[in-house]
Amino acid sequence: MEENNKFALYFYAYAGALGLVLLIVTIIKYYETVEFSSSYLLPFFGFILTFSYINYLESRAGISKKIIWIKSISSIIMLLLISKVLFY
């Protein structure tokens, strides 16, 4: 039972990271199609705050630092790959 709970915890952690990556790609695509405005940094600050809060919650849930770092690095790699496919 405990192993199943850990799997679910890791699954939702990676699903949350993928959701944040898709959110930032959507924000970038939106600013690409809309004119430049003075409030373009607001969604990026929101993304940074949300990402840091999710990392805090994962550490409180008992996910090891190693897994959190692996998830963060894989999120950055996913963002770069998705951005490369969509924008170049």
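Out of all the residues in segment 25-44, is one or more surrounded by 11 or more Cβ atoms within 10 Å (Cβ to Cβ), modelled with pLDDT under 80 and out of contact with any helix residue (DSSP H, G or I) (no Cβ under 9 Å at 6 or more places or on another chain)? Yes.
Consider Ile54 carefully, then state whether it is touching a Pro at 6+ places or on another chain (Cβ under 8 Å) and β-branched (Val, Ile, Thr). When the stated conditions are applied, Ile54 does not pass them. Exactly one residue out of Ile68, Ile54, Ile48 is of a type outside the set (Gly, Ala, Ser), closer than 30 Å to Tyr31 by Cα and surrounded by fewer than 15 Cβ atoms within 10 Å (Cβ to Cβ): that is Ile48. Checked against the criterion of being more than 20 Å from Ala8 (Cα to Cα) and more than 12 Å from the chain's Cα centre (by Cα), the candidates Ser52, Ser83, Ser59 yield just one match: Ser83. Among the residues of segment 41-87, which ones are outside any helix (DSSP H, G or I) and small (Gly, Ala, Ser)? Correct list: Gly62, Ser64.
The values are calculated or read from the model by the stated rules, or taken from the named source; none is laboratory data. Just so you know, these numbers come straight off a predicted model, no measurement behind them. FYI the Cβ positions are ideal-geometry reconstructions off the backbone, even for glycines, and counts take in every protein chain you see.
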